[in-house]
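A.B. asks: A single structure is presented below for examination.
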Amino acid sequence: MTGPAKITSKAEVEEFLSKYDDFLFDCDGVLWQGDVLLPHVKETLNLLREKGKRLIFVTNNSTKSRKAYTKKFSKLGIEVTPEEIFGSAYSAAVYLKKVVKFPADKKVLVLGESGIEEELASEGIQFVGGTDPALRRDIQPEDYDEIVPDPSIGCVLSGLDLHINYLKLSMALANLQVPETLFLATNIDSTYPTHGKLFPGAGTMCAPLVLASKRQPISLGKPSKAMMDCVKAKFEFVPARTCMVGDRLDTDIRFGQDGGLGTLFVLTGVNTESDILAENAETVPKHYMTKLGDIFELLN
């Protein structure tokens, strides 16, 4: 097996760019770390646009909607449109609306933040839970009798919930005991990289539910086929002429490989150069470079 090709020269950048028309980018760890833009990211994205490349931003972070992400890009000096962003919260909303044709009279029980709520609302899907302040409390003795399956709930959707608690998990479990209730996850990442560190990811929210319900959720984030199907349906790109750019092997690079895309790995996030060069490496990108901004720097 041929190892990944490290891009270190102008000629190598030019050859790399000639292979692809569309680029899918992960965000945190590729474009920025927390709220800090990585070096020459803006210039690189502008350069790609000038060369006629299409840019699509694909993130597993479900805490922000496409609209909220657009504002974050703008604050960092990068102009994008909501249509160029495809997050796991939006992926879940599209899956419910277009794929399973979720009944209009049913509701989604959300474990997650406002990003999920905004995307469900954008597709006309009813929901409960989420950021409801009434659920941000300790469980009370009377709750044990009152927590039962709600016939109006047709889906439990689990994402990154910064206010997860026993009460929310108990409500979700009660509804998952009904076999007909859908069990979805925006993503099942074990960790969430931000501010140069790792924090518990969305997968740690649904892990207790998997253990308790003995059910596995359908994941709508990278590297799931469900998310790739949704992205392909929306943007209609040619996989062989499309490149996935990411910093995480088990989500970003695996997502690109499973979808038949080219892959570019950068060393500004979760995984390291030693991870991809290890003899027993499970996921190996086609190309890699120190940082995304190298594209601009090497061409100039």
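Values in this text are rule-based calculations from the coordinates and carry no lab data. Keep in mind that this is a model prediction, so the values were computed, not measured. No Cβ is skipped: glycine too gets one built from the backbone with ideal geometry, and neighbour counts run over all protein chains shown.
A.B. asks: Apply the a/c threshold of 1.5 to the C-alpha gyration tensor of the range 155-272 and tell me whether it is rounded, prolate or oblate.
C.D. replies: Note, shape of the range 155-272 comes out oblate.
A.B. asks: Moving to a separate point now. Taking the Cα centre of the range 176-280 as origin, sum charge times position over the Cβ atoms of Lys and Arg (+1) and Asp and Glu (-1), and report the length of that vector in debye to the nearest 20. Mind dumping the intermediate values first?
C.D. replies: On the way: 10 positive and 11 negative charges, 62 e Å.
Dipole size: approximately 300 debye.
A.B. asks: Report, in degrees rounded to the nearest 10, the 0 to 90 angle that the Cα long axis of helix 203-213 makes with the longest principal axis of the chain.
C.D. replies: That works out to roughly 40 degrees.
A.B. asks: Assigning unit charges at the beta carbon (Lys, Arg +1; Asp, Glu -1) and nothing else, what dipole magnitude in debye, to the nearest 20, does the range 1-101 show about its Cα centre?
C.D. replies: Working: 17 positive and 13 negative charges, 110 e Å.
Result for the range 1-101 is approximately 520 debye, rounded to the nearest 20.
A.B. asks: What fraction of the Cα pairs in the range 88-158, stated in percent, has a spacing above 19 angstrom?
C.D. replies: Summing the P(r) tail past 19 Å for the range 88-158 gives 35 percent.
A.B. asks: OK, next. Count neighbours as other Cβ atoms within 10 Å of each site's Cβ, and list the GluC sites (Glu not before Pro) in the range 246-282 that are DSSP loop with at most 16 such neighbours.
C.D. replies: 279, 282
A.B. asks: Beyond a 21 Å Cα-Cα separation, which of these cross-linked pairs lie in this structure: 42/286; 42/71; 107/232? The partial results should precede the final answer.
C.D. replies: Details: 42/286 24 Å; 42/71 15 Å; 107/232 27 Å.
Those over the limit are 42/286; 107/232.
A.B. asks: Here is a follow-up. Size of the dipole of the chain about the Cα centre, Lys and Arg at +1 and Asp and Glu at -1 on the beta carbon, nothing else charged, in debye to 20? Walk me through the intermediate numbers first.
C.D. replies: Details: 34 positive and 41 negative charges, 116 e Å.
So the magnitude is around 560 debye.
A.B. asks: Write out the trypsin sites (Lys or Arg not before Pro) in the range 10-75 meeting two conditions: DSSP loop, and at most 16 other Cβ atoms within 10 Å of their Cβ.
C.D. replies: Passing both the DSSP loop test and the Cβ count: 19, 51, 53.
A.B. asks: What is the Cα coordinate range of the range 243-298 on the first, second and third principal axes, sorted by size from largest, in whole angstrom?
C.D. replies: Each principal axis gives a Cα extent; for the range 243-298 these are 31, 24, 16 Å.
A.B. asks: DSSP beta bridges in the range 154-204, what fraction antiparallel, as a percent rounded to 5? Working shown, then result.
C.D. replies: Values: 4 of 8 bridges.
Once the DSSP bridges in the range 154-204 are tallied, antiparallel ones form about 50 percent.
A.B. asks: Sticking with this one: Kindly rank 171-179, 195-203 from highest to lowest mean number of other beta carbons found within 10 Å of each residue. Please list the in-between numbers first.
C.D. replies: Values: 171-179: 18.3, 195-203: 15.7.
Descending packing order for the listed peptides: 171-179, 195-203.
A.B. asks: From the square roots a ≥ b ≥ c of the eigenvalues of the alpha-carbon gyration tensor of the range 83-204, which class results: rounded (a/c under 1.5), prolate (a/b over b/c), or oblate?
C.D. replies: In terms of gyration-tensor shape, oblate.
A.B. asks: Continuing with this model, one more query. Among 83-93, 128-138, 22-32, 107-117, what's the highest-first ranking by average C-beta atoms within 10 angstrom per residue?
C.D. replies: Ranked from most to least packed, the peptides come out as 83-93, 107-117, 22-32, 128-138.
A.B. asks: While we're here: State the Cα centre-to-centre distance between the range 121-172 and the range 217-270 in whole Å.
C.D. replies: If we compute the Cα centre of each part, the gap is 30 Å.
A.B. asks: Once you have the Cα-Cα distance between residue 300 and residue 36, take 0.36 nm times their residue separation minus that, and quote the gain in nm to one decimal.
C.D. replies: 92.7 nm
A.B. asks: Taking N as the number of residues in the range 1-127, what value does Rg over Cα atoms divided by 2.2 N^0.38 Å take?
C.D. replies: Cα Rg divided by the expected 2.2 N^0.38 Å: 1.27.
A.B. asks: Run the numbers on the range 71-175 and let me know its relative contact order in percent, using alpha-carbon pairs under 8 Å that are six or more apart. Please report the intermediate quantities before stating the final value.
C.D. replies: Values: 125 pairs, mean separation 30.8, N = 105.
This gives 29 percent for the range 71-175.
A.B. asks: Next up: Over every pair of different alpha-carbon atoms in the range 199-249, take the mean of 1/r and invert it; report that Kirkwood radius in Å.
C.D. replies: Working: mean 1/r = 0.0751 Å⁻¹.
The Cα-based Kirkwood calculation yields 13.3 Å.
A.B. asks: Which of the chymotrypsin sites (Phe, Trp or Tyr not before Pro) found in the range 138-243 are loop residues per DSSP with 16 or fewer other Cβ atoms within 10 Å of their Cβ?
C.D. replies: Taking the range 138-243 and a limit of 16 other Cβ atoms within 10 Å, no loop chymotrypsin sites (Phe, Trp or Tyr not before Pro) are found.
A.B. asks: Which one, 111, 148, 121, projects farthest toward the positive side of the charge dipole computed for the range 66-155 from Cβ point charges (K/R +1, D/E -1)?
C.D. replies: Value computed over the given set: 121.
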